[in-house]
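Here is the structure we will look at, set down as structure tokens.
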Amino acid sequence: MYTVMGISGRVGSVVGHDLLAAGLPLRAVVQDTVKSGRWATLGSDVAVAENGDADALTHAFRDSDAVFVMLPPNADPEPDFSHARHLIDAIRQALAAARPKRVVCLSSIGADCEAPSLLTAMRMFEAAMLSVSLPMVVLRPAWLMENFAWDIAPARERGELPTYLQPVDRAIPMVSATDVGHFAARAMQAHSIDERIWEIEGPERYSPDDIAAALARALVRDVRAEAVPRAGWDPLFRAQGMRNPLPRIQMLDGFNTDGFRFRNDGQHTLRGDVTLFEAIAALVRET
């Protein structure tokens, strides 16, 4: 049995479809029965488990050849990351009790950085997962291209790409969630693991100017990248409803100052196939 958390999300759904395409038995972990119908129709087993319910997760993970685990994204954590700690501990307890044969853990570039930021949750997640002492692959993908889904509306309506990645002509590693899902499914099926940490990026590195160009091509209109002034981030994020924007700001600063890097300058990263334009075009088709 191959068990997948977060199967309703962009990465998890790719993992699930890849495993089914390979003819493998799939168990979809969902948080409520409303989300179970699609995967049951496709022939998978379904386990209903809240992310923080250690007992339900233990039941979901039992008798698994491999388990894919992840934290739900949270851009506005508590100052002490208390909710993330609760979820991490539940997953750790479940893995320790169920003892699957292999674990694939979705983390992020920057999870090995000690400086505090939004990625501190990923650093804690990795440490907890590795403490279980099971055969494990940790995936550290670059900035996800699908994060730009939020930018389609201003690009379409005003021809603007307000960006916190700065300067606008500076390229950073990016990758599509589709490629991350493919690599996760591959790791779940690997019977021997030579490298415990898989760093993943796309075929090229891209800048906000490149994102604007991809949006312009997909929307068939002019789009211009505009850096949002750093001094205005905190009040802007608070006006949008965030209570604790500091970790998000620290994360953006880390990307903008090159504080988050792949090991050995990315010489050994795994590279996906999905280009920025392909990812952006898919997002535009969704809206």
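The values are calculated or read from the model by the stated rules, or taken from the named source; none is laboratory data. Just so it is clear, the model here is predicted, and its values are computed rather than measured. Every residue, glycine as well, gets a Cβ built from its backbone with ideal geometry; the counts of neighbours run over all protein chains shown. In case anyone asks, the SASA skips ligands and DNA or RNA and just uses the protein heavy atoms, side chains included. Shrake-Rupley method; radii C 1.70, N 1.55, O 1.52, S 1.80 Å.
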Report task. Provide the FRET efficiency to the nearest 0.05 for the R271-D65 pair, computing r from the beta carbons and using R0 = 25 Å. Result -> 0.40
Query raised in the report: Label 7 Å along Cα→Cβ of R221; segment 265-287 residues with amide nitrogen under 17 Å?
Result: 281, 283-287
Query raised in the report: Mind listing P(r) for segment 180-223? All alpha-carbon pairs, 5 Å bins, whole percents.
Result: 5, 17, 18, 13, 10, 11, 10, 9, 5, 1
Requested in this report: Tell me which residues come under 5 Å, amide H to amide H, from L270 once H is placed; ignore anything under 5 positions away on its chain.
Outcome: E199, I200, E201
Query - Net charge, A28 excluded, C-beta distance under 11 Å - Lys, Arg +1, Asp, Glu -1 - result: +2
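Per residue, how much accessible area does the chain have with a 1.4 Å probe, in Å²?
On the way: 13150 Å² over 287 residues.
Heavy-atom SASA per residue in the chain reads 46 Å².
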Query raised in the report: Relative to a virtual label point 7 Å from the Cα of Q93 in the Cα→beta-carbon direction, which members of segment 114-131 show backbone nitrogen distances below 18 Å?
Result: 125, 128-131
Report task. Please go through segment 74-161 and write out the GluC sites (Glu not before Pro) that DSSP classes as loop and that have at most 15 other C-beta atoms within 10 Å. Result -> E114
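From largest to smallest, what semi-axes in whole angstrom does the chain give when each is the square root of 5 times an eigenvalue of its alpha carbon gyration tensor? Working shown, then result.
On the way: eigenvalues 199, 90, 70 Å².
Result for the chain: semi-axes of 32, 21, 19 Å.
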Query - Carbon and sulfur %, accessible surface of segment 132-279 computed with the full protein complex present, 1.4 Å - result: 49
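Grab the beta carbon distance between S131 and N264, set R0 = 22 Å, and tell me the FRET efficiency rounded to 0.05. Could you put the intermediate results ahead of the total?
On the way: r = 25 Å, r/R0 = 1.16.
So, using R0 = 22 Å, E works out to roughly 0.30.
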Query - Gain upon complete extension [T257, L24; 0.36 nm per residue less C-alpha separation] - result: 79.6 nm
Report task. Could you pull the accessible area for L270 with a 1.4 Å probe, rounded to 10 Å²? Result -> 50
Requested in this report: Using a Förster distance of 22 angstrom, determine the FRET efficiency expected from the C-beta separation of R170 and A115, and round it to 0.05.
Outcome: 0.70
Requested in this report: State, to one decimal in nm, how far the label point of R243 lies from the label point of V34, with both points 7 Å from Cα in the Cβ direction.
Outcome: 2.3
